[in-house]
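Colleague: My questions will all concern the structure given below.
The values are calculated or read from the model by the stated rules, or taken from the named source; none is laboratory data. Owing to the predicted nature of the structure, the values given are computational and were not obtained by experimental measurement. Here Cβ is always computed from backbone atoms with ideal geometry, including for glycine, and neighbour counts include all displayed protein chains.
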Amino acid sequence: MQIDGGCHCGNISYEADVDPDKVIVCHCTDCQAVSGTAFRTIVFVPENQFTLHNGGLKTYIKTADSGNKRALTFCPECGTHIYATSVGSGEKVLGLRVGTARQRGELRPGKQYWCRSALNWIADLGAIEQVE
């Protein structure tokens, strides 16, 4: 599936060819903290199927408790997170942030990870009052 998107301020734009069956929700505490919300929705895409059209990404290297390093990329102007990937040489798979894609409504998650870190009210979202 061909998608396109970018950051909030318009400085960054991209295209990617993604597999819509590779969309996940991550409830880890890093995703909660970095996104500023309860979880993050991600679609995995091989680096060679991602094209940055304009802007330059800033990268922050996060070292997990395990010692693993992740490169988190974002717009240097507005701070919108674009993707995360491994650090070092070799082929990369990008964890593209679904919220940055224009087609985000079509990218339905198929699996949830780090559920032990999920906030206890997540399962009750359908019961919370909704305002248009």
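Colleague: Condition check: surrounded by 11 or more Cβ atoms within 10 Å (Cβ to Cβ), within 19 Å of Asp17 (Cα to Cα) and within 17 Å of the chain's Cα centre (by Cα). Does Val87 satisfy that?
Modeller: no
Colleague: Checking Asp19 against (1) at pLDDT 95 or above; (2) under 26 Å from Trp121 (Cα atoms): exactly one of these is not met. Which one?
Modeller: (2)
Colleague: Also: Of a type outside the set (A, V, I, L, M, F, W, C) and touching a Leu at 6+ places or on another chain (Cβ under 8 Å): which single residue out of Thr51, Thr41, Thr29 fits that description?
Modeller: Matching residue, one of Thr51, Thr41, Thr29: Thr41.
Colleague: Which of the residues spanning the stretch 3-54 are in contact with a Ser or Thr (Cβ under 7 Å, 6 or more places away or on another chain), among the hydroxyl-bearing types (Ser, Thr, Tyr) and in a strand (DSSP E or B)?
Modeller: Tyr14
Colleague: Yes or no: Thr59 within 16 Å of the chain's Cα centre (by Cα), modelled with pLDDT of 95 or more, more than 11 Å from Leu96 (Cα to Cα) and surrounded by 12 or more Cβ atoms within 10 Å (Cβ to Cβ)?
Modeller: Yes; evaluated as a whole, the condition is true for this residue.
Colleague: Tally up the residues in the stretch 9-26 that are surrounded by fewer than 20 Cβ atoms within 10 Å (Cβ to Cβ) and within 14 Å of the chain's Cα centre (by Cα), please.
Modeller: Qualifying residue count, the stretch 9-26: 3.
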